[in-house]
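Take a look at the structure below.
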Amino acid sequence: MTRQPDQLLQVRNLSKSFVGVKALDQVQLDLKKGEVHAVMGENGAGKSTFMKILMGLLSPDSGEIWLESEILKNADVNETLKRGISMIHQEMLVVPELTVAQNIFLGREKTNWLPFWLDDAHSNAQAEAILQQMGVDIAPTTLLKHLSVAEMQMVEIAKAISNNAKVIIMDEPTSAISDKEVATLFKIIKDLKQQGVGILYISHKMDEIFQISDTITVLRDGQYIGTKPASDLDQPTLISMMVGREITNLFPEIVPSKDDVVLSVKQLTRQGVFSDITFEVRKGEVLGLAGLMGAGRTEVARAIFGLDRYDSGEIQLNGQTVRVQSPAEAIALGIGYVSEDRKGLGFIPAMTIQDNITLSSLPQHAKAGWVMTDSEATVATRMMQNLRIKATGAAQKVSHLSGGNQQKVVIAKVLQAAPDVVILDEPTRGIDIGAKFEIYKLINDLTAQGIAVVMISSELPEILGLSHRILVLSKGKQTALLSTTEATQDMIMKFAMQ
Amino acid sequence: MNTILARSKNLGQYGIFGAFVVICLGLAVINPQFMTVSNWTIIITQVSINALLAFGVTFVIITGGIDLSLGSMVAVTGVVAASLAHPDTYPVIVPIGVGVLSGVAMGALNGLVITKSKVPPFIVTLGMMTIGRGLALILSKGRPISNLSDSFNFIGGGSVLGIPFPILILVVFFILCTLLLKKTVLGRYIYAVGGNEQAATASGIRVNKVKMAVYTLCGGLAGLAGILLTARITTGQPNAGAGFELDAIAAAIIGGTSTSGGTGTMTGTLIGALLIGVISNGLDLLNVTSYYQQVVMGAIIIGAVVLDSWNQKK
């Protein structure tokens, strides 16, 4: 491909290898002014390597990056920022103890005539002006630690604007914010487009991609697969470009559940967080837990699992009333929990796959306190096969795996403790479509074995595609209990916003 | 030696092992006295006390904690043991037992306060460092306790089949600590707690129990070290052990234990302790004054951590 003069950002034949493995191979990209350009691919497709190179965090082995008419060569982060490429990171890179204005101008502090004397009034005023222009109502003197994730994201965008960014890279910007906040974000993205800013957008959420992007570039295994206008693509075509094969039925067929109630929750209340939550889950049933971010779904799960206390109400397991005080007790009683916070609560990164898988069931593999490694290895190998965990072996460290495989390790760990009921909290968040599909099949396998499943998800197609019944929460209260046959996306949304 | 090399997957440990071998060879070339059995017997005997303390603190550091009260625990247990070790009073097992138990008790107290109050281990054990020193002075009325039985002094100065008793203790506890860390459920949990405390909790591990166990274990090993020291200098010294905690922590860190928790091995810590011993012995043989020795030692600690962080990046 040759270079065209009217482009904002042009990438030609970009390649990068890590110890012999090609992470990026001859990647191309053209970004116009005022364009939202989605970069799609499964985990491990090379998106983050690509973005790191654009930001100057990594240097490419070969290829060229042109920003308008200038070539970026050996540019480090400071250089790329100065030239006008900014990135909104998935994990917010903000300083919690500093104010909004201090964060926005971090590294480019405003000073008065003494070049070392901070001019807070000036930076506050400028920050306020930018935030107002964005239509965001945040005071520039608020400490960052008092903001929500969505607001922090706005501060990051304000920082990019203050930096006169021509290109803004957004890495999964909607992964941790509510639908309402997504709407605000999309409005700001549209304003940025009008001002001629080019946006590189990374997300795993399909509907969102088609809603916001003009152009889509697909990478697979570091290879450049192609670039197409979003209007020329539909979801199945895009998925097959990303995965390299066709996935016809995303959701497996739902098998009817049995009658025995496994978990029964009655009027569970935690003051100020959720109240009067009542539901039952039967053997082989998937109960979907829907609701907006902050509706209290995770909090209910945490209380059932013993991570948080509850003030009143009752939990019954197989007909017995139980009082769960800690996760250790919950696991012993037969409750499993796969957290939404995979990195924080899910696994021990420095430990091997095998050690992580047996972590919740280690006494089963021990005699008088001594671990029997052979018994562990057998189980780990079997689990890795059953769940199709892709790794060099059971001795590989979990920190080296992709998000989807890490999630499978966490699920394997929970299943290894032989639960009667499993709570899956956003089980497919941040993992690619291929792995998602496998996790859907796995949920089906669990129910076939008679395990009761409670699945929390923000993705409504997932809730509708997998659950027998759907419990909707809104602001800590349950607003509906629907059967899948009667439920629709609109209905769920209506109850979720009630 | 080869098995240690082959089995050591940790590059940091590998690197420090290489450095250890190079330094030993260098010293052997410069001074032929260095590579003699008698000199090595002296080195390892001297290292034994620091190594025991370092094993204890390695457990603690792997969980992401720290113990600054080691030196004071050495003093308390030394004084307690000495006061029970006069000739013709109690059988030798009494001062040993009570001495170790006093270390266990202080360690358990550290663990209890840390787990119940959520005050950082740094602060709690800093407090315990001062409390322990005070206790040692109170118990001994500020005076050294001497006139100890021969059977007690044997622990520090005796030999079995020509091998000094402290070396035997070192070997036994090195094996025990290694097995505990690598082969038991508790050992696995220690790594898990340091690797990601929240995930460990969510995996059903009773994190507080694990923390109690490591601080108690650390106290017990400090007790043993206190007895060893007291028997070697044949006196219970209330001022003994000051600063020992820093040498022990240094040995663990030089040996590749990360202060952020989750990684570390007893083999690494042993090499770290031996390295410290070899360097001070080597510098002695080269007639370098102890002032310079401190500078060298500090540089080595920093160098080891830099080496480790480079390896981490790879």
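The values are calculated or read from the model by the stated rules, or taken from the named source; none is laboratory data. Here the structure is a predicted model, which is why all the values come from computation and not from measurement. We place every Cβ from the backbone using ideal geometry, glycine too, and count neighbours over all the protein chains shown.
For region A:355-395, enumerate the residues that are within 23 Å of A:Tyr440 (Cβ to Cβ) and not polar (S, T, N, Q). Passing the criteria: A:Ile357, A:Arg382, A:Met383, A:Met384, A:Leu387, A:Arg388, A:Ile389, A:Lys390, A:Ala391. Can you name every residue in region A:319-339 that is surrounded by fewer than 21 Cβ atoms within 10 Å (Cβ to Cβ), touching a residue at least 12 places away in the same chain (Cβ under 8 Å) and touching a strand residue (DSSP E or B) at 6+ places or on another chain (Cβ under 6 Å)? The one that is surrounded by fewer than 21 Cβ atoms within 10 Å (Cβ to Cβ), touching a residue at least 12 places away in the same chain (Cβ under 8 Å) and touching a strand residue (DSSP E or B) at 6+ places or on another chain (Cβ under 6 Å): A:Leu333.
When residues of region B:173-199 are filtered for being at the interface with chain A (Cβ under 7 Å from one of its Cβ atoms), more than 17 Å from A:Ala366 (Cα to Cα) and either in a helix (DSSP H, G or I) or of a type in the set (Ser, Thr, Tyr) (or both), how many remain?
Kept after step one, since they are at the interface with chain A (Cβ under 7 Å from one of its Cβ atoms), are these residues of region B:173-199: B:183-186, B:188, B:191-192, B:195-196, B:198-199.
Filter again for more than 17 Å from A:Ala366 (Cα to Cα), leaving B:195-196, B:198-199.
If we keep only those that are either in a helix (DSSP H, G or I) or of a type in the set (Ser, Thr, Tyr) (or both) as well, we get B:195, B:198-199.
The qualifying residues number 3.
Please specify each residue of region A:401-436 satisfying the condition of being more than 16 Å from the chain's Cα centre (by Cα), more than 15 Å from A:Pro327 (Cβ to Cβ) and either away from every other protein chain (no Cβ under 13 Å) or among the charged types (D, E, K, R) (or both). If the condition is that a residue be more than 16 Å from the chain's Cα centre (by Cα), more than 15 Å from A:Pro327 (Cβ to Cβ) and either away from every other protein chain (no Cβ under 13 Å) or among the charged types (D, E, K, R) (or both), then A:Asp420 is the only one that fits.
Considering region A:301-337, and only residues there that are more than 14 Å from chain B (Cβ to nearest Cβ) and within 17 Å of A:Val454 (Cβ to Cβ), the residue that is nearest to the chain's Cα centre (by Cα) turns out to be A:Tyr310. Among the residues making up region A:160-207, those that are buried (at least 18 other Cβ atoms within 10 Å of the Cβ), part of a helix (DSSP H, G or I) and not hydrophobic (A, V, I, L, M, F, W, C) are A:Ser162, A:Glu181, A:Thr184. Residues in region B:19-71 that are without any contact (Cβ under 8 Å) to a residue 40 or more places away in the chain and not small (Gly, Ala, Ser): 9 in all. Every condition in (1) in contact (Cβ under 8 Å) with a residue 40 or more places away in the chain; (2) outside any helix (DSSP H, G or I); (3) surrounded by 17 or more Cβ atoms within 10 Å (Cβ to Cβ) holds for A:Ala75 except the one numbered (1). Here A:Ala395 fits the description: more than 28 Å from A:Ala295 (Cβ to Cβ), at pLDDT 90 or above and assigned to a loop (DSSP other than H, G, I, E, B).
Evaluate region B:283-291: report whether one residue or more is in contact with a helix residue (DSSP H, G or I) (Cβ under 7 Å, 6 or more places away or on another chain) and either closer than 18 Å to B:Phe55 by Cβ or of a type in the set (Asp, Glu) (or both). No, region B:283-291 contains no residue that is in contact with a helix residue (DSSP H, G or I) (Cβ under 7 Å, 6 or more places away or on another chain) and either closer than 18 Å to B:Phe55 by Cβ or of a type in the set (Asp, Glu) (or both). With respect to (1) more than 27 Å from the chain's Cα centre (by Cα); (2) in a loop (DSSP other than H, G, I, E, B); (3) free of Cβ contacts under 8 Å to residues at least 24 places away in the same chain, the lone exception for A:Asp6 is condition (3). A count restricted to region A:80-105 and to residues that are in contact (Cβ under 8 Å) with a residue 60 or more places away in the chain, in contact with a helix residue (DSSP H, G or I) (Cβ under 7 Å, 6 or more places away or on another chain) and more than 13 Å from A:Lys52 (Cα to Cα) stands at 2. Which one is farthest from A:Asn405 (Cα to Cα), of the residues in region A:338-385 that are facing chain B (nearest Cβ under 7 Å) and not hydrophobic (A, V, I, L, M, F, W, C)? Among them, the one singled out is A:Gly369. Residues that are in contact with an Asp or Glu (Cβ under 8 Å, 6 or more places away or on another chain) and surrounded by 17 or more Cβ atoms within 10 Å (Cβ to Cβ) within region A:49-72 comprise A:Met51, A:Gly56, A:Leu72, listed in sequence order. Condition (residue is part of a helix (DSSP H, G or I) and touching a Lys or Arg at 6+ places or on another chain (Cβ under 8 Å)) applied to region A:96-108: is it met by at least one residue? Scanning region A:96-108 turns up at least one residue that is part of a helix (DSSP H, G or I) and touching a Lys or Arg at 6+ places or on another chain (Cβ under 8 Å). Exactly one of (1) buried (at least 17 other Cβ atoms within 10 Å of the Cβ); (2) aliphatic (A, V, I, L, M); (3) more than 24 Å from the chain's Cα centre (by Cα) is unmet by A:Ala295. Its number? All conditions are met except number (3).
Residues in region A:182-217 that are free of Cβ contacts under 8 Å to residues at least 40 places away in the same chain and within 20 Å of A:Gly135 (Cα to Cα): A:Val182, A:Ala183, A:Leu185, A:Phe186, A:Lys190, A:Leu192.
The criterion of being surrounded by 15 or more Cβ atoms within 10 Å (Cβ to Cβ), in contact with a Ser or Thr (Cβ under 6 Å, 6 or more places away or on another chain), under 30 Å from A:Ala303 (Cβ atoms) and touching a residue at least 12 places away in the same chain (Cβ under 8 Å) holds for A:Ser275. Of all residues in region A:373-386, none satisfies being in contact with a strand residue (DSSP E or B) (Cβ under 7 Å, 6 or more places away or on another chain) and either aliphatic (A, V, I, L, M) or under 17 Å from B:Thr201 (Cβ atoms) (or both).
Inside region B:40-91, can you point out the residues that are among the hydroxyl-bearing types (Ser, Thr, Tyr) and surrounded by fewer than 24 Cβ atoms within 10 Å (Cβ to Cβ)? Let's see the steps before the verdict.
Here is the first cut: in region B:40-91, the ones among the hydroxyl-bearing types (Ser, Thr, Tyr) are B:41, B:45, B:48, B:58, B:63, B:69, B:72, B:77, B:83, B:89-90.
B:Thr41, B:Thr45, B:Ser83, B:Thr89, B:Tyr90 - these are the residues of region B:40-91 that are among the hydroxyl-bearing types (Ser, Thr, Tyr) and surrounded by fewer than 24 Cβ atoms within 10 Å (Cβ to Cβ).
Residues that are part of a helix (DSSP H, G or I) and either facing chain A (nearest Cβ under 7 Å) or touching a His at 6+ places or on another chain (Cβ under 8 Å) (or both) were ranked within region B:201-227; the one that is surrounded by the fewest Cβ atoms within 10 Å (Cβ to Cβ) is B:Thr201.
Per this entry, B:Thr259 is counted among residues that are closer than 24 Å to B:Leu126 by Cα and out of contact with any Gly (no Cβ under 8 Å at 6 or more places or on another chain). Within region A:57-89, the residues that satisfy the criterion of being modelled with pLDDT under 90 and at positive phi are A:Glu68, A:Asn74.
Going through region B:226-256 one residue at a time, which ones are under 17 Å from B:Leu148 (Cα atoms), out of contact with any Phe, Trp or Tyr (no Cβ under 6 Å at 6 or more places or on another chain) and not polar (S, T, N, Q)? Talk me through it step by step, then tell me what you get.
Residues of region B:226-256 that are under 17 Å from B:Leu148 (Cα atoms), as a first pass: B:226-238, B:240.
Adding the requirement that they be out of contact with any Phe, Trp or Tyr (no Cβ under 6 Å at 6 or more places or on another chain) leaves B:226-230, B:232-238, B:240.
Result: B:Gly226, B:Ile227, B:Leu228, B:Leu229, B:Arg232, B:Ile233, B:Gly236, B:Pro238, B:Ala240.
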